[in-house]
1. What residue, of T202, T224, is of a type in the set (S, T, N, Q), open to solvent by 50 Å² or more (accessible area, probe 1.4 Å) and at pLDDT 90 or above?
2. I'd like to know if the stretch 63-85 contains one or more residues that are at pLDDT 90 or above and surrounded by fewer than 17 Cβ atoms within 10 Å (Cβ to Cβ).
3. Conditions first: (1) more than 20 Å from F456 (Cβ to Cβ); (2) surrounded by 20 or more Cβ atoms within 10 Å (Cβ to Cβ). S401 passes all but one, so which condition is the exception?
4. Residue by residue through the stretch 245-304, note down the ones that are β-branched (V, I, T) and modelled with pLDDT under 75.
5. Determine if the stretch 511-526 includes at least one residue that is aliphatic (A, V, I, L, M), within 23 Å of C405 (Cβ to Cβ) and loosely packed, with under 15 Cβ neighbours inside 10 Å.
6. Taking the stretch 41-62 as the region of interest, how many residues are among the small types (G, A, S), open to solvent by less than 10 Å² (accessible area, probe 1.4 Å) and under 28 Å from K389 (Cβ atoms)?
7. Among the numbered conditions (1) of a type in the set (S, T, Y); (2) over 25 Å from P244 (Cα atoms); (3) in a helix (DSSP H, G or I), tell me where S112 comes up short.
8. Out of all the residues in the stretch 176-210, which are closer than 20 Å to M242 by Cα, free of Cβ contacts under 8 Å to residues at least 24 places away in the same chain and not charged (D, E, K, R)?
Amino acid sequence: MTRNILQSSLKNVGFSIIFQIACRFVTFGINAFIVRRVGSDILGLMNVRLLLLESTLLFISREAIMRASLSATSQQKNKSSWTQVINLIWLSVPICILCIPVCLYIWFHVWSPVEPRLVSQYTFACYSVALSCVIELAAEAPVFVAQVFCFVKFKIFMNTLYIFLRSVVFIWIVLSNDKIAITAFGIAQISSAVTIILGNYTFFHWYTKKLQEERKKESKEKETSELFQKMDDFPFSSIKEMLPKGIGRIQNLNKDDLDEVFNMELLILTWSFFKQGFFKYLLTEGEKILMSLSSVFSFSEQGIYDVVNNLGSLAARFIFRPVEDNAYFYFTQTISRDVPLAEQKRDKIMEAGKVLKYLCATVSTIGLIALTFGQSYSETVLFLYGGEKLVQGAILLKWHSVAICLMAVNGVTEGYMFATNTSQGIDNYKYFMLFFSVMFLLLSFILTYFMGPVGFILANCINMICRIFYSLRFIKDQYKTIGIKPLIGIVPGKLFVIVLAVLGVLCKISENFFNECIPCHLVVGGISGLLCIAAWCLENRELLSLFLESKFGSKLKMKTK
C-alpha cells in the first residue's frame, strides 16, 4: 500500500496556512516588543542584516540540493539510491562551512558599518547565525525524510517548536537585560537550531526502532497507529542510515565507487536549480541587499521599513492572495488556453468576462479605500503598534497604501493572463518579467539614493504599473472580437468616488482636529468606512445580489420549502 500523497499535500497546505498566520502574528508581536523595548535600530540590524545572512547561507547551501533531492524521490526515483540522495543532502553542510568565511567577510567589511557600541554584539550574532545554519543543515536529512514520507503533523510540530523556543529565549533574555538584544538574537538562533537537530534525530531514532518491531508482528491488524501504516517502502532501519556514507574516503574511490556515493545526474540537476534560483534570490532579498550595501539607510530606517513592509503586506497575504488563487482556478477551468475566445462557448466566455469585471471592481475598490484611509490613519496605526518611535515611518505607510492599490489590480489582471494565455505567450512573458525585475533593482538603487526608503516603494509601484499595462493590453486584445469590456470594472462608479473623496477629506480633517484623541479619530474612520461600503453596495447592486444569492440562496429555498 502507498500513502495518499494528494491527501497529505492538502493537509500540509492547510496546516501550513495556519502555521504561517500564527507565525505572522508572533513576528508582529515580537517586532512591536523590540521597537518599544530597545528601538527600531536594533530591529533593523536583526531583521535586515542578520536574517539576510541566514537566508543567504541557507539558500546557497540548501535550496538547490533540496529541489534536486525531491526530484530524485519522485520523477527519478529509479535512477538514484537513497544513499546517493542522503549524501547529496549532506553536501549542504560543507558547502555552508566553505561559504561562511566569505559571507562573514562581506558582513564585517563590505556592508555599511554598525555603531561602535554594537560591534561586539554584532560580531557574536553573525558567528551565532552562521553556526546555527550549520547545525540546522546537519538535521536536513531527517527533515527531508519527514517531508517525503508525509510526516505532516511532526513537521508542523517541529516548526512550531522552533519558532516558539526562539521567541521565548529571545524575549526572556531581553527582559533580563535589554542592552544585549543582539546577543540574545544570536543565542536564540543557536537554541532553536539545536532543537531542530535533537528533535528530528530523536524522533526518527524512536520511529525506526518502533517500526522494526511493528514489522516483526505476524498480523498487521495489531498496528495501533496510522503512523506505522503504509510504510512498507520506508528504507531506514536506523538513524545511522541517515548519515553520509563513503564521503570520507572519496579521494581513494574509482569512478564506479564514486557513482555509488554520488549520482552525477543529481549533481548536474542541483547546479541547474541553483542557477535558476539565484536570480529569484536576488529579487526576494534585493531590498535587504541594497539597504545593507548602502550607507544611505540607518539601521533605524531599515527597522521602520521592515515593520511598514510587513504591515503593508497584510492585505496581500490575507485578502488579495485568496482572491487571486480562487480566480486563477476558476479561469483555468472556464477558458481554454490555446483556443481563441471566439471559438469557445459564448456563454462561458460571457460569464468569465462578467466575473473578471466584478473581480476588478471589487479589488480596485479595496485598493482605493486602503489608499484613501492610509493617508489619514498611517500615523495612528504605527503609534498603536510601536509607539512614538514608529510614527516617523508614517510617510512609508502612506506610500505603501499606493502600492496596495496597484497590487490589488495587478494580482487579478496578471492572474487572469497566466490562467488564459497560451503556452507560447507565457514563455514569452518570462523575458518581460526578467526586464521588469532588472528595472526594479536599478530603480530601487537610484531612487533610494535620492528619496531614501520611499524609493523602494516607488520602484515597486513603477514595476507593478508596467506589469498592469502588459496584462491590460493582453485582456483588451483577447476580448476585442467578443464585444464585451471586462476592464471597465477597474474604473469605480461616480457615486463611490465622490463619497470616498469627501470622506477622505473628512478623515484628514479629523486627523488634525482629534490629534490628542485617538479613539475619536478611529470612530470617524469607522463611520466613514461604513459609508464608503454602503455607497459601493448601492452602486453595485447587481454584484451584491449575486453574492447574496450564491451565499444564502440555497438556504432560503430550503426554508421556504
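1. The match here is T202.
2. So far as the stretch 63-85 goes, no, none of its residues is at pLDDT 90 or above and surrounded by fewer than 17 Cβ atoms within 10 Å (Cβ to Cβ).
3. Of the numbered conditions (1) more than 20 Å from F456 (Cβ to Cβ); (2) surrounded by 20 or more Cβ atoms within 10 Å (Cβ to Cβ), the odd one out for S401 is (1).
4. Within the stretch 245-304, I247, I250, V261, T284, V296 qualify.
5. No, the stretch 511-526 has no match at all.
6. 1
7. Of (1) of a type in the set (S, T, Y); (2) over 25 Å from P244 (Cα atoms); (3) in a helix (DSSP H, G or I), only one is false for S112: (3).
8. Passing the criteria: L198, T202, W206, Y207.
The values are calculated or read from the model by the stated rules, or taken from the named source; none is laboratory data. None of the values given here were measured: they were computed from a predicted structure. Glycine also receives a Cβ, built like all others from the backbone with ideal geometry; neighbour counts cover every protein chain displayed. The protein model used for the area step is the full one, side chains on, heavy atoms only, and it has no ligands, DNA or RNA in it. Shrake-Rupley method; radii C 1.70, N 1.55, O 1.52, S 1.80 Å.
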